[in-house]
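This report concerns only the one structure given below.
Bear in mind that the values in this text are calculations on the coordinates, not laboratory data. Every value quoted in this text rests on a predicted model; they were computed, and no experiment measured them. Glycine also receives a Cβ, built like all others from the backbone with ideal geometry; neighbour counts cover every protein chain displayed.
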Amino acid sequence: MALKVEHELHKRRFGRNLGVGLLLVGFVAIVFGLTVVKVQNTGFVEGYDHVARPALIPENEGGN
């Protein structure tokens, strides 16, 4: 016989907490997966740093 009997309320609360925890883990896994796929699919990305980037200027528009 158990020393302390677990109340029915605690069993329901544990089940609810377990469900919320599993949903949270699933959400984090989805966000992580989307992040990994996005990082892998984007090539070399130059940041927006307010400087002229010669790589973006087409060859035929030399300006001369």
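What distance in nm separates the two pseudo spin-label positions at VAL28 and ASN41, each 7 Å out from Cα along the beta-carbon direction?
Spacing of the two 7 Å Cα→Cβ label points: 2.5 nm.
How far apart, in nm, are the 7 Å Cα→Cβ label points at LEU56 and GLU6?
Going from the LEU56 label point to the GLU6 one covers 5.9 nm.
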